[in-house]
Structures are given as C-alpha cells and as structure tokens.
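Only one structure is covered here, and it is reproduced in the block below.
The values are calculated or read from the model by the stated rules, or taken from the named source; none is laboratory data. Small disclaimer: the values here were computed from a predicted structure and weren't measured. All Cβ positions, glycine included, derive from the backbone under ideal geometry; neighbour counts span all protein chains shown. Remember, those area values only see protein heavy atoms, side chains included, never the ligands or the DNA or RNA. Shrake-Rupley method; radii C 1.70, N 1.55, O 1.52, S 1.80 Å.
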Amino acid sequence: SLQDQFDNLEKHTQWGIDVLEKYIKFVKERTEIELSYAKQLRNLSKKYQPKKNSKEEEEYRYTSTRAFLATLNEMNDYAGQHEVISENMTSLITAELTRYVQELKQERKSYFHDGRKAQQHIETCWKQLEASKRRFERDCKEADRAQQYFEKMDADINVTKADVEKARQQAQLRHQMAEDSKAEYSSTLQKFNSEQHEHYYTHIPNIFQKIQEMEERRIVRIGESMKTFAEVDRQVIPIIGKCLDEITKAAESVDHKNDSQMVIEAFKSGFEPPGDVDFEDFTQPMKRTVSESSLSNSRGDGKSEPKFGSKSKGKLWPFIKKNKLMSLLTSPHQPPPPPPASASPSAVPNGPQSPKQQKEPLSHRFNEFMTSKPKIHCFRSLKRGGAGPEDFSNLPPEQRRKKLQQKVDELNRDIQKEMDSRDALTKMKDVYIKNPQMGDAASVDHRLAELGQNIEKLRLEVQKFEGWLAEVEGRLPARTEQPRRQSGVYEAQNPSGVNSCAQDRESPDGSYTEEQSQETEMKVPATDFDDEFDDEEPLPTIGTCKALYTFEGQNEGTISVAEGELLYVIEEDKGDGWTRIRRNEDEEGYVPTSYVEVYLDKNAKGA
C-alpha cells in the first residue's frame with residue numbers, strides 16, 4: 001500500500017541521515033588525530049632542540065648536527081601542515097555537513113508531513129463517500145418498503161381512502177428521499193474519484209519526487225565531502241614536499257671532511273711527537289750507573305727507579321696520561337704546567353736548582369712516569385669548581401692559544417663598552433656645562449674617573465694576555481719579559497730562577513735543548529705532592545657569604561649562584577675582584593666579589 005511505501009521511504013531517508021552523521025563523526029575524529037599528531041611532532045622537535053647556554057649548542061657547529069637541527073625545524077613546519085589539514089577539514093567538512101544535516105532533517109520532516117496530510121485527506125474523502133453510499137442504500141430500502149405498504153393499503157378494501165392517501169404520500173416522500181440520496185452519492189463519488197486521481201497522480205508523486213531529490217542531494221553532498229577530504233590532504237602535499245626537500249638538502253650538506261677538520265681544530269694540542277728513543281748501551285755499566293744516579297739526583301729523592309724492558313718502551317706513547325705527557329714530553333716551546341694556585345706553599349720547591357746534567361735517555365722519563373702515581377690535578381680541581389691558571393698554561397698549546405685569543409677579544413669588547421660609556425658621559429658633561437640648569441657637570445666627574453681607571457686596567461689585562469698569546473704563537477721569546485703566572489707561588493718566590501732556566505735551555509742558535517727535562521723532573525714530584533694534599537685536605541672555610549645578585553657562572557672556574565643563597569667562603573678577594581666560595585663538598589668556584597656580601601669568621605683557622 002501507499003502507507004507502506006511512506007514507511008519504507010521514511011526508514012531509508014533516516015538511514016541516509018545516520019550515514020551522513022557517521023561520516024561527520026569520522027572526519028571529526030580524523031581532525032583530532034591530526035591535531036594530536038601535530039602536537040606530538042612539535043613536542044618531539046622541541047624535545048631534541050639544543051638547550052640555550054649549554055654544551056649542546058657547541059655541538060651544533062658540525063654539519064651533521066646542523067643538518068639534524070634543520071630536520072627538527074622542518075618537522076615543526078611539517079607538524080604545522082597537519083594542523084592546517086585539521087583546520088580545513090573542520091571548517092570545510094565537519095561544520096558544513098553539521099549545518100546541512102540540520103537543514104536536511106527539517107526538509108525531510110516537512111515532506112513526510114505533507115505526505116501524511118495528503119493521505120489523511122484522501123482517507124477522509126473515502127469515508128464521506130462510504131457514508132453517502134450507505135445513506136443512499138438506506139433511503140432506497142425505505143422507499144421500497146413505503147411503496148410496498150402503499151400498494152398493500154391500496155388493494156385492501158377495508159382501508160379508508162384517507163389511509164390509502166397517507167400511505168401514497170409516504171411512499172412518494174421516501175422515493176424522493178431516495179432520489180436525493182442518489183444524487184448526493186453520485187456527487188460525492190465524482191468528487192472522491194477526482195480527489196483520488198489528484199492524490200495518486202499529482203500530490204503523492206510530487207512528494208515522492210521531492211523526497212527523491214532530497215536524498216540525491218544528500219548523496220551528492222557526502223560525495224563532495226569525500227572529495228574535499230582528499231583535496232585538503234592534497235593541498236598540503238607541496239608544502240610537505242618542500243619540508244622533505246629541505247631535510248634532504250640538509251642531509252646532503254653533511255660534510256664529513258669538514259666535521260673531521262673541525263674536530264681536529266678543536267682538540268689539536270700542538271704537542272710534538274716524542275723523538276727517537278736513545279740507544280742504551282748495557283756493555284758500559286759505569287756509564288749507565290752515572291746516568292741513573294744523575295736521574296736520581298735531579299729528582300731529589302736518591303732512589304733508583306725500576307726500568308721496563310725495551311719491548312714496553314715503544315708502546316708507552318699512546319697510553320700516557322695527558323697531564324704527565326705535558327710535563328714529560330712537552331715540546332721545546334711549551335714549558336710544563338706550574339703548580340696550581342691552590343697548592344700548599346710547602347710543596348713548592350724553594351731550594352736552588354739542580355745543576356745541569358747530561359742529556360738523559362727518554363726511557364728514564366718514561367720510567368719515571370710509569371712508576372709514579374698518575375694524577376690529573378687541573379682536571380680534578382676544575383671538577384670541584386676551582387679556577388684554572390690565569391694564563392691557561394694547564395691546556396695544550398693550541399687550545400691555550402684559542403683560549404687566550406678569546407680572552408683578548410672579550411677584553412677588547414669590554415674596553416669598547418667602557419669607552420662608549422665614557423664618550424656618552426663626556427657629552428652629557430658638555431651639555432651640563434652649556435646648560436647648568438639641566439644638571440651639575442661635576443656630578444659625572446667621579447664616574448668618568450672610574451671609567452678611565454677601568455679602561456686602563458682592561459688595557460693592562462689586554463697587554464698581559466697579548467704577551468702570553470704572542471709567547472704561544474712564537475712571536476716573543478718564551479717568558480723573558482714577564483712571569484707567566486703572577487699568581488703562581490713558585491714564580492712569585494723565585495722569578496729569577498724561572499727566567500734563568502728559560503735562558504739556560506736555549507742553545508746558541510736560539511733553539512731549546514733537552515735540558516728542559518731537568519726543570520720538569522724537579523717540578524713533577526711537587527705536583528704529585530700537591531695532588532695528594534688536595535685530595536686529603538680541602539681548603540677550610542673562613543666565613544660565610546650571601547649572594548646579593550644572581551650570577552651565571554659560564555666561564556671556566558666560576559660557579560653559578562642565586563640571589564639570596566648562603567654559601568661558604570674559602571678564599572678572600574686577592575685584589576683581582578673574585579672571591580672563592582663553596583656550596584658543598586663537590587661544588588666550589590669563583591664569583592665576583594661585588595655580587596656577594598661576605599661575613600668572615602674571627603678565628604678563620606677554627607672555622
């Protein structure tokens with residue numbers, strides 16, 4: 001029946017709306033996945049970005065790590081494209097289809113409402129036709145009964161003429177009513193047939209046609225949305241392709257030769273390899289005995305050192321510790337490192353230097369190294385936070401040259417800043433002189449004097465570091481103009497001995513001789529003693545201090561402090577503007593004296 005068709009259409013169109021809503025939900029979940037993926041990509045890129053002011057930033061000077069950094073940046077842009085996909089799908093598909101579903105539901109509701117209304121109308125017309133038909137049938141039966149009664153009365157001779165007339169009139173009335181019912185039934189029938197024709201050939205087809213168009217529009221719309229779904233992805237493919245091209249370009253820029261050269265430049269020490277091992281003639285026992293006694297005398301302990309076989313001597317070079325290598329096998333232009341500034345004064349050799357000895361075999365110095373306790377004092381003291389030598393003499397020559405050059409550049413920048421400040425104050429003073437109402441010209445004199453003193457101090461520092469730099473680069477004779485470390489205990493106590501040693505090591509043609517080893521051998525035991533002293537008894541605290549400002553200890557030997565932090569003082573300011581402090585057993589270093597407020601104990605030794 002027609003009602004069954006309406007029910008079927010109603011179920012099918014509702015199923016179509018459900019499909020549309022399911023697709024909307026699918027696209028919405030896809031957008032959430034894209035956003036989550038983009039967020040995870042951004043977090044991943046951020047996670048592996050180098051941290052500011054950290055060692056990681058230095059690592060990104062290599063082409064391979066720069067390529068990795070470019071990859072991280074491109075992945076960030078890659079994540080941005082997935083966010084674009086999510087935004088476009090939300091605006092072009094999810095939002096549009098959600099609005100369309102609401103309109104579709106209203107349209108479907110109106111069509112089925114019209115269909116039900118038309119169905120009710122035809123049912124009403126059918127009921128009217130049935131009622132007219134039953135009335136016509138009833139009136140016809142009543143007319144037949146009235147006619148039969150009249151004929152019966154007319155044939156009966158016992159009935160009066162008045163009764164017969166009454167029956168005849170009743171029969172005529174019933175017959176007239178039957179005719180009227182017939183006319184009404186005929187009219188109602190014609191009307192119903194017209195309505196029924198209109199219903200089945202006009203109204204219902206129109207409603208079905210509208211429902212069909214509505215359903216086809218829904219199908220077209222979901223197809224267009226699927227096409228948009230693909231187009232949104234396709235639109236970002238060129239940009240994603242560019243990101244991938246940039247990653248490929250960064251990967252192709254990786255230069256293994258350049259990275260290797262940078263590593264060489266970064267760790268190049270400047271030391272020369274050891275010379276040939278001298279032949280030891282065991283057929284001359286007296287000569288060997290003299291050589292051994294000379295070695296013992298130069299070391300000052302009177303003990304002979306055990307020797308290794310000739311097979312082990314050729315293998316010592318690759319395994320020698322860095323600190324001993326500096327002190328034993330240093331090149332002629334690089335002296336051994338002096339004792340650290342924190343060494344005990346009792347460990348410094350104050351006696352006269354040993355007389356020159358004969359040139360000793362290199363194996364004696366190897367044996368001395370292998371039988372002594374290997375320690376790397378400068379590295380350990382840095383680990384505890386202690387400051388290294390001011391002239392960076394604890395570093396290999398090439399690394400020392402780089403550090404000194406950086407220090408000279410830094411001091412020159414500071415001089416330029418101070419000069420700019422002085423020029424600005426000078427101009428301000430001129431303005432005050434010309435316009436006294438704007439300020440007192442004498443008020444800036446004190447600051448100008450301070451700036452002048454600061455500039456002079458910085459220039460002296462530059463000259464000092466340039467002298468050390470020139471010494472390293474070979475432009476000046478080694479340590480003939482000034483002591484290398486003004487803060488070193490040994491050189492401060494015996495500067496003439498240092499200079500005389502440097503001059504004694506020069507041969508008549510200006511080159512150094514092997515006799516430098518005597519000074520080296522004299523200093524090595526002292527360094528070992530200092531190390532042992534440093535390990536067993538750290539510097540005692542002489543007071544406390546409170547940090548007035550936050551200080552970021554980025555330079556070698558300094559320590560970071562936070563404003564308001566309480567720390568221990570282990571060394572007062574020696575006039576260089578730095579105070580040595582300790583946070584705990586493993587953290588100590590220098591901070592600017594002006595950054596802390598110091599409270600010294602009355603009895604420092606008992607602190």
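Shape summary: region 543-600 maps onto an equivalent ellipsoid whose semi-axes, from the alpha-carbon gyration tensor, are 13, 13, 12 Å in decreasing order. Looking at region 392-473, the accessible area is 58 square angstrom per residue; that uses a 1.4 Å probe and ignores ligands, DNA and RNA. What the Cβ-Cβ distance of ASP414 and THR248 gives, at R0 = 60 Å and to the nearest 0.05, is a FRET efficiency of 0.85. Other residues whose C-beta falls under 12 angstrom from the C-beta of ILE433 contribute a net charge of 0, scoring Lys and Arg +1 and Asp and Glu -1. Amide hydrogen proximity for THR579: with H placed 1.01 Å from N in the peptide plane, the residues at 5 or more positions away or on another chain lying under 5 Å are VAL591, THR593. For TRP126, the accessible surface of its heavy atoms amounts to roughly 120 Å² (probe 1.4 Å, protein chains only, rounded to the nearest 10). Measuring against 30 Å, Cα to Cα, the residue pairs LYS402/LYS546; LYS51/LYS242; LYS52/LYS464; LYS46/LYS407; LYS22/LYS46 contain LYS402/LYS546; LYS52/LYS464; LYS46/LYS407; LYS22/LYS46 as the ones spanning a longer distance. Net charge near CYS243: determine it from the other residues with C-beta under 11 Å of the C-beta of CYS243, scoring Lys and Arg +1 and Asp and Glu -1. Value of the local net charge: -2. Across region 201-218, rounded Karplus estimates of 3J(HN,Hα) from the backbone phi angles (6.51 cos²θ - 1.76 cosθ + 1.60, θ = phi - 60°) give 10, 10, 5, 5, x, 5, 5, 4, 5, 5, 5, 5, 4, 4, 5, 5, 5, 4 Hz, Gly and Pro being marked x. Counting alpha carbon pairs within less than 8 Å and at least 6 residues apart, what relative contact order, in whole percent, applies to region 392-473? Result for region 392-473 is 44 percent. Take every pair of alpha-carbon atoms less than 8 Å apart whose residues are at least six positions apart; their mean separation over the length of region 543-600 yields a relative contact order of 39 percent. Quantify how much of the Cα-Cα distance distribution of region 5-263 extends past 24 Å, in percent. It works out to 73 percent of all Cα pairs. The modelled label-to-label distance between GLU216 and LYS191, using points 7 Å beyond Cα along the C-beta direction, is 3.8 nm.
Our summary gives region 5-263 a relative contact order of 33 percent, counting only alpha carbon pairs under 8 angstrom and 6 or more residues apart. The trypsin sites (Lys or Arg not before Pro) of region 4-102 that DSSP puts in a loop, and whose beta carbon has at most 16 other beta carbons within 10 Å, are LYS51, LYS52, ARG61.
Projected onto their three principal axes, the Cα atoms of region 392-473 cover extents of 60, 16, 14 Å, largest first. The portion of the accessible surface of region 543-600 made up by carbon and sulfur, rounded to a whole percent, is 45 (1.4 Å probe; DNA, RNA and ligands excluded). Estimated at the nearest 10 Å², the accessible area of THR98 is 60 Å² with a 1.4 Å probe.
Relative to the current alpha-carbon distance between ASP573 and GLN437, full extension at 0.36 nm per residue lengthens the span by 44.7 nm.
Here PHE208 and LYS127 are evaluated by their C-beta separation; at R0 = 35 Å the FRET efficiency comes out at 0.90. For the pair region 170-242 and region 395-462, the centres of their Cα atoms are 94 angstrom apart.
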